[in-house]
1. Among Phe300, Ala26, Tyr155, which residue has its Cα furthest toward the positive end of the charge dipole of the chain, with +1 on Lys/Arg Cβ and -1 on Asp/Glu Cβ?
2. Just need log10 I(q)/I(0) for region 79-184 at q = 0.11, 0.20, 0.21, 0.24 Å⁻¹, Debye formula, equal scatterers on the alpha-carbon atoms, no solvent, rounded to two decimals.
3. What is the list of residues in region 379-423 whose amide nitrogen lies under 15 Å from a point 7 angstrom out from the Cα of Asp205, following Cα to Cβ?
4. Explain nothing, just the number: relative contact order of region 204-277, from Cα pairs under 8 Å at least 6 residues apart, as a whole percent.
5. How large is the charge dipole for region 1-107, taken about the Cα centre, if only the Cβ atoms of Lys, Arg (+1) and Asp, Glu (-1) carry charge, to the nearest 20 debye?
6. Cα-Cα pairs above 17 Å in region 264-319: how many percent?
7. Hey, got the dipole for region 179-275? About the Cα centre, +1 on K and R Cβ, -1 on D and E Cβ, debye to the nearest 20?
8. Describe numerically, in nm with one decimal, the distance between label points set 7 Å from Cα along Cα→Cβ at Glu192 and at Glu285.
Amino acid sequence: MSLNAFITKETVESDEDGPLAGKSIAVKDNISTEGLRTTCGSEMLEDYVPPYDATVVERLKDAGATIVGKANMDEFGMGTTTETSAYGPTKNPVDESRVPGGSSGGSAAAVAAGEADLALGTDTGGSIRCPAAFCGVVGIKPTYGLVSRYGLVAYANSLEQIGPIAPSVEEAAALLDVIAGPDDRDATTREEGADSNFAAAADGDVEGLTIGVPTELVEGADEGVKAAFWDALDELEAQGAEYHEVSMPSTEKAVAAYYVIAMSEASSNLARFDGVRYGKSGGYEGNWNEAFARAREEGFGSEVKRRILLGTYALSAGYHDKYYAKAQDARAWVKQDFDAAFEDVDVLASPTMPVPPFELGESLDDPLQMYLADANTVPVNLANLPAISVPAGETDGLPVGLQLIGPKFGEETIVRAASAVEN
Ligand code: GLN
């Protein structure tokens, strides 16, 4: 039985002779590909074929990569398991009774199973790092502004980045080298990264590196996850690094702040899918409002609807100050905690996910449990920082991911440290 890692399986060859020549790549289905269907895991876009390539896809083609299909994902990126996809869940290749993580679950499963050499995912609150951790591969969430979002179907603009998923740190870094760098079509991109050589940083040299471990991001983790995590840190110490615990009290507010901000931005971004401007039109009867309502009722799944409703509520007159403005205050606090931590340490480390991969179906009836599993990944998006998930042993035969977080544009440092974990 197939893992269902792809929503659309179609090959697009490139005849360029670049650094990715001969490499096959899976592209998450919320990244626009000219002439190749891009559904975002939603029925709303089941027939949508973009007329242009995202900047990252242009760069892949220029680098000689062969696209082998569009990877399965939670609908519009909203989920942690790939089970909210309208095209059925993806299975975890390590244990097919389990989820691959999400929302870039198809991308990570494809790489872990060898169905693609490399993959692109997107990370709004952990969607690259979580599936990388659950499938036992490497994923990088770049600093906000390192990679162009032009051609990415937006979920929450202020939080998200496109990034690489690969079998090894060096390959992930090499893919990041290809997609990083400024883009005139995305004003949030920066000059940093224009001549990047992140792959060269994968030299495993952690001599003298100082690692902070935020107590709040470890104490709640599953025992088996914790054991693998501390073993990996002892290994890094044996290679010349030093680690100690630090406190980041703001991170306890991060999940709440993240979900208010992400849902608010989503409610605005998804307004364009009304069956007229974008999205499936049912040819409905009635006035505009009735036709829009029908298109949205039929086109969106229940998790997406929940978030549009909650996000609209959080932004509405009378509640804006109570929810959205408060969440922005918490976001500022999270940023301050990171700034303070990076005065004393080079990188921060935590388990990527506090738990091993869920059983398929386990978390579907309990959205709150699913949201809480993002506790260690969302602070990074709130602060716009880079982070990598690298395999660090297992618990009961299931992969454990170690997350390394760097200061802004500190990709080389996290790549270096992650390659030492790999050793
Ligand atoms: N699980 C988080 C959410 O559902 C993260 C998703 C993502 O990064 N796209 O919002």
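1. Sorting the options by dipole projection puts first Phe300.
2. Ignoring solvent entirely, the Cα scatterers give -0.30, -0.95, -1.03, -1.26.
3. Residues 412-420 fall inside that zone.
4. Values: 46 pairs, mean separation 30.2, N = 74.
So the answer I get is 41 percent.
5. 300 debye
6. Counting every Cα pair in region 264-319, those more than 17 Å apart make up 39 percent.
7. 600 debye
8. 5.8 nm
Values in this text are rule-based calculations from the coordinates and carry no lab data. All values derive from a computational prediction rather than experimental measurement. A quick note on method: Cβ atoms are made from the backbone with ideal geometry, for glycine too, and the neighbour counts reach across all protein chains shown.
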